[in-house]
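Taking it in order: structure first as structure tokens, then the write-up.
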Amino acid sequence: MNSSMIKLDQFLKLIGIAPTGGQAKLMILDGDVKVNGAVETRRGRKLVATDQVTIAGQTFEVGEVISDAD
């Protein structure tokens with residue numbers, strides 16, 4: 001399994017920001033989520049380890065989160 005990539009909605013659930021996939025979808029569609037400083041509205045956006053996700057003023061390094069999840 002290639003664990004170096006994760007979809008944006010799955011990432012939000014993994015970090016505990018969104019309790020459900022539906023909640024993650026709404027946050028993304030509402031423009032509440034930034035990837036690498038730009039608003040991202042595609043919940044299926046594939047994130048790689050070098051990406052940064054910002055939501056509610058908090059920034060998460062994708063690589064740190066997905067490496068901890070292995």
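Miscellaneous remarks
- Val65 meets the conditions (1) of a type outside the set (D, E, K, R); (2) at pLDDT 95 or above; (3) in a helix (DSSP H, G or I) in every case but one. The failed one is (2).
- Number of residues in segment 51-62 that are buried (at least 16 other Cβ atoms within 10 Å of the Cβ) and not in a helix (DSSP H, G or I): the value is 5.
- Within segment 26-50, tally of residues that are crowded, with 17+ Cβ neighbours inside 10 Å and outside any loop (DSSP other than H, G, I, E, B): 5
- Of the criteria (1) modelled with pLDDT under 95; (2) under 15 Å from Ile6 (Cβ atoms), which one Val53 fails: (1)
The values are calculated or read from the model by the stated rules, or taken from the named source; none is laboratory data. What you see is a predicted model, and the numbers here were worked out from it, not measured in a lab. Here the Cβ is made from the backbone with ideal geometry for all residues, glycine too, and neighbour counts use every protein chain on show.
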